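Novice: Encoded as structure tokens, here's the structure I'll be asking about.
The values are calculated or read from the model by the stated rules, or taken from the named source; none is laboratory data. As the structure is a computational prediction, the values presented were derived from the model and not from experiment. Note that each Cβ is placed from the backbone with ideal geometry, even for glycine, and that neighbours are counted across all protein chains shown.
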Amino acid sequence: MVECRCTNCGRLLRIRDEYAGRWGRCNYCQARVLAPARAPSEFIHKVYKDMDNRGTRLTDLTDAQTHWTLLRTTGRVEAGLVAVFPRMIDAREALLGVDCIHVAEDSGCLIATEPIVFGHYELNDGSHEAVICAEGLQPVHFEQAVRSFTRHRGKPRFQRALTVHRSVNA
Ligand SMILES: [Zn+2]
């Protein structure tokens, strides 16, 4: 069974699987209704809130410079990707091409469900830099970022793949 609401009368309709994804008539008001193609549970995406963020956001150039300075002085090595985009929307969309980055429903801000450093911010010349990096950046997220940054025509400024992947328990 799949369930959906009639778009005309709003009543809950229970539809046999063989009619999923097909047009039919509402039992109550006879309006034409398109039954969902799959069970509704498969359509439910997790809704993220701002408090779900596990990452460190870089929201302006000062944040970013502080981060790079900190890395230099501590000698830590991060895998990651930095690229420059002409528009803010491109930088944001590029970041959203990575599985662990989402839009928080409540704040509209980007959140990360992994402990990564990420964000986008305006540079002095008005272009926008997007960053994703972490000591333990997962190869899959690195590769998604490379593809997504390229797809959104980011000009790469820094790119370092992870050579040693740390175990979660290390
Ligand atoms: Zn109806």
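Novice: Do you know which residues across region 79-92 are at pLDDT 95 or above and of a type outside the set (A, V, I, L, M)?
Specialist: F85, P86, R87, D90, R92
Novice: Also, I was wondering about something else. With the requirement that a residue be loosely packed, with under 11 Cβ neighbours inside 10 Å and either closer than 11 Å to I111 by Cα or among the basic types (K, R) (or both), what does region 43-59 give you?
Specialist: If the condition is that a residue be loosely packed, with under 11 Cβ neighbours inside 10 Å and either closer than 11 Å to I111 by Cα or among the basic types (K, R) (or both), then K46, M51 are the ones that fit.
Novice: Within 14 Å of the chain's Cα centre (by Cα), more than 17 Å from D60 (Cα to Cα) and at pLDDT 95 or above: is that true of I101 in this structure?
Specialist: For I101, the condition - within 14 Å of the chain's Cα centre (by Cα), more than 17 Å from D60 (Cα to Cα) and at pLDDT 95 or above - is met.
Novice: Could you grab me the full set of residues in region 17-51 that are modelled with pLDDT of 85 or more, more than 11 Å from the ligand (Cβ to nearest atom) and part of a loop (DSSP other than H, G, I, E, B)?
Specialist: R22, A35, V47, Y48, K49
Novice: In region 89-127, which residue that is among the aliphatic types (A, V, I, L, M) and farther than 19 Å from H67 by Cβ is surrounded by the fewest Cβ atoms within 10 Å (Cβ to Cβ)?
Specialist: Only one residue fits best here, namely I89.
Novice: Looking at T66, T74, T62, which is the one that is over 20 Å from the mean Cα position of the chain (by Cα), away from the ligand (no atom under 16 Å from the Cβ), surrounded by 11 or more Cβ atoms within 10 Å (Cβ to Cβ) and free of Cβ contacts under 8 Å to residues at least 12 places away in the same chain?
Specialist: When all the criteria are applied, what remains is T66.
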